[in-house]
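Scroll down for the structure; my scribbles are underneath it.
The values are calculated or read from the model by the stated rules, or taken from the named source; none is laboratory data. These figures come from a predicted structure and were not determined experimentally. Methodologically, a virtual Cβ is constructed for each residue, glycine included, from the backbone with ideal geometry; neighbour enumeration extends over all protein chains shown. Ligands, DNA and RNA are stripped out before the accessible areas are found, and what is left, the full protein with its side chains, is counted by its heavy atoms. Shrake-Rupley method; radii C 1.70, N 1.55, O 1.52, S 1.80 Å.
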Amino acid sequence: MSTSSKGQIEELLATILHHSTAEDEEVLLHLLNGIRDKQQGIHRRYINAALHMVGNFEPEVSEVRIPVTPVIHNTIKVPHGGIIATIADAAMGGLASRSVAEGFNVVTTNLNISYIATTTNKELIARGRFVHKGRQTLVMECDIEDETGRKLAIATASFFVIQRRPS
């Protein structure tokens with residue numbers, strides 16, 4: 001990073017902190033901790049770091065969790081539907097990508113989600129599983145709940161198997 005970029009960041013942070021609310025500070029701390037976690041190798045992608053996403057992938061099922069914070073709130077202060085779709089895609093796509101042969105990966109070709117409820121609880125949990133495993137396509141389904149077991153949404157998705165791009 002150039003010196004001028006660091007200077008701009010320092011100036012912007014000073015301005016933000018000077019005018020910040022407690023919620024602004026909570027969000028900033030959340031995002032900065034995510035960047036630090038990525039730098040430390042805890043996360044490979046910025047989206048996972050920004051959401052503090054944690055996943056567990058078994059051969060046939062997956063579980064992805066994120067904390068509910070103001071970072072993911074919509075205008076009525078509940079988790080944004082797009083974030084719920086994102087963790088569903090992460091749970092299903094992460095499981096699908098781990099199931100294909102070495103040298104291959106998957107891309108999402110279709111994602112359907114039905115929203116059932118909202119939550120003000122502390123955590124979102126997406127649990128993915130296979131419906132169909134083909135040579136070129138995989139079909140998955142996912143339940144999204146909060147930590148109390150309240151079902152928030154159900155999702156299905158299709159994935160196409162592709163050859164992995166060179167790094």
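Per residue, how much accessible area does segment 53-163 show when a 1.4 Å probe rolls over the protein heavy atoms, in square angstrom? Show your work: numbers first, answer last.
Numbers: 5690 Å² over 111 residues.
Ligands and nucleic acids excluded, the figure is 51 Å² per residue.
Can you list residues from other chains, or at least 5 along the same chain, whose modelled amide H is less than 5 Å from the amide H of Arg164?
Result for Arg164 returns Phe104, Asn105.
In whole Hz, with x marking every Gly and Pro, tabulate ³J(HN,Hα) for segment 151-164 from phi via Karplus 6.51 cos²θ - 1.76 cosθ + 1.60, θ = phi - 60°.
With coefficients 6.51, -1.76 and 1.60, one gets 6, 9, 6, 10, 9, 10, 8, 10, 10, 9, 7, 10, 6, 5 Hz.
Helix-derived [θ] at 222 nm for the chain: sum -39500 (n - 2.57) over DSSP H runs of at least 4, divide by residue count, nearest 500? If you can, show how the numbers build up before the last one.
On the way: 4 runs with 59 residues, N = 167.
Value at 222 nm, helices only, nearest 500: -11500 deg cm²/dmol.
Taking all protein chains as present, what is the carbon and sulfur share of the accessible area of the chain, in % to the nearest whole number, probe 1.4 Å?
Working: 5450 of 10350 Å².
Percent of accessible area from carbon and sulfur atoms in the chain: 53.
Is segment 1-49 best put as rounded, prolate or oblate by its Cα gyration tensor, with a ≥ b ≥ c the root eigenvalues, rounded for a/c under 1.5, and otherwise prolate when a/b is larger than b/c, oblate when not? Show your work: numbers first, answer last.
Numbers: a/c = 3.49, a/b = 1.25, b/c = 2.79.
Oblate, because a/c is 1.5 or more while a/b does not exceed b/c.
Rounded, prolate or oblate: which one fits the chain, using the alpha carbon gyration tensor with axes a ≥ b ≥ c (rounded when a/c is under 1.5, else prolate when a/b beats b/c, else oblate)?
Details: a/c = 2.70, a/b = 1.44, b/c = 1.87.
Oblate.
May I ask you to list the residues of segment 86-119 whose amide nitrogen lies under 15 Å from a point 7 Å from Cα along the Cα→beta-carbon direction of Glu147?
Flagged as within label range: 119.
I'd like to check one number: the per residue accessible area of segment 1-49, probe 1.4 Å, reported in Å² as a whole number. Walk me through the intermediate numbers first.
Details: 3960 Å² over 49 residues.
Heavy-atom accessible area per residue stands at 81 Å².
Are there DSSP H segments in the chain that both extend 24 Å or more along their axis (alpha-carbon positions) and score a mean Kyte-Doolittle hydropathy of at least 0.5? List them, or say none.
Details: long enough: 22-39 (26 Å, -0.60); 81-99 (27 Å, 0.86).
Helix filter hits for the chain: 81-99.
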